[in-house]
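Derivation of every value follows stated rules applied to the coordinates shown; laboratory data play no part. Here the structure is a predicted model, which means the values were calculated and not measured. Here the Cβ positions follow ideal geometry from the backbone for every residue, glycine too, while neighbour counts run over all protein chains shown.
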Amino acid sequence: MQGSSTVAAKVEEKLSHEGIKVKKDLNRGLDHGAWTLLRHLYPEANIPVVQVSIDSNLSIEEQIKIGSALKTLGDEDILIIGSGNTVHNLNLVDFEAVSNDSWAEEFDDWLINRLKENDFNSLYNYRDQAPNADLAVPSPEHFVPLFIALGSSSLLIPRVIFREYELGNLSRLCLEF
């Protein structure tokens, strides 16, 4: 996988046009959140990849705005992938787990239902409204890519493509927008 200065310039232009600050880093390699996913999705492909880092301190509304700024890239056959985990608490993973932790499943159930209902107010306030949010999302960096992907979508209702848990509670939920 290699970068694409053409795609990077398009991303920069679209974000800047919406007043979103952009800082290029030409020396950073792909994060494990990108290459681990791409090696399974496109194992033989020689495709250009532009990784856009997130600022997990931004609000959910601002994350969706970033995605919205990138929405028209899909019209140019540019795939936007938001990779992370809806439930990601490494302090609570269980290497001996034989079943899923109910609190993780409850959080994902809530999330999927709010997304399908387009209940943005609840999503914006997930910390206060979602069951087990503090356990599921102790820090937002693995969670907020979901909202960038949501913002970039033209679909109103997400489709669950894959749902599985590893180590008792590490969510591998995969949604298509």
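Report, ordered by the first and then the second residue, all pairs with beta carbons closer than 7 Å, sequence separation of six or more or different chains, a first member in segment 79-92 that is in contact (Cβ under 8 Å) with a residue 60 or more places away in the chain, and a second member that is among the β-branched types (Val, Ile, Thr) and not in a loop (DSSP other than H, G, I, E, B).
Hits for this filter: GLY82/ILE148.
State which residue is nearest to ILE66 (Cα to Cα) when the search covers only segment 132-149 and only residues that are aliphatic (A, V, I, L, M) and buried (at least 22 other Cβ atoms within 10 Å of the Cβ).
Step by step, filter segment 132-149, then rank; the result is ILE148.
Condition first: β-branched (Val, Ile, Thr), within 22 Å of GLY33 (Cβ to Cβ) and in contact (Cβ under 8 Å) with a residue 60 or more places away in the chain. Can you find one or more residues in segment 136-158 that meet it?
Yes, the conditions are met somewhere in segment 136-158.
Can we say VAL87 is crowded, with 18+ Cβ neighbours inside 10 Å, among the β-branched types (Val, Ile, Thr) and assigned to a loop (DSSP other than H, G, I, E, B)?
yes
Looking only at segment 1-54, which residues are under 20 Å from the mean Cα position of the chain (by Cα), in a loop (DSSP other than H, G, I, E, B), without any contact (Cβ under 8 Å) to a residue 12 or more places away in the chain and closer than 23 Å to CYS174 by Cβ?
TYR42
If LEU115 satisfies every condition in (1) assigned to a loop (DSSP other than H, G, I, E, B); (2) buried (at least 18 other Cβ atoms within 10 Å of the Cβ); (3) out of contact with any His (no Cβ under 6 Å at 6 or more places or on another chain) but one, which is the exception?
So LEU115 meets the others, but not (1).
Within segment 90-112, track down each residue that is crowded, with 16+ Cβ neighbours inside 10 Å, acidic (Asp, Glu) and part of a loop (DSSP other than H, G, I, E, B).
Listed by number, the list holds a single entry, ASP101.
Kindly establish whether LYS24 is basic (Lys, Arg) and crowded, with 17+ Cβ neighbours inside 10 Å.
Spelling it out, it is not the case that LYS24 is basic (Lys, Arg) and crowded, with 17+ Cβ neighbours inside 10 Å.
Before we move on, is ALA69 farther than 26 Å from VAL137 by Cβ and either part of a helix (DSSP H, G or I) or touching a Leu at 6+ places or on another chain (Cβ under 7 Å) (or both)?
No; evaluated as a whole, the condition is false for this residue.
Could you please find all residues in segment 131-145 being within 14 Å of LEU92 (Cβ to Cβ) and either hydrophobic (A, V, I, L, M, F, W, C) or assigned to a helix (DSSP H, G or I) (or both)?
ALA133, ASP134, LEU135, ALA136, VAL137, HIS142
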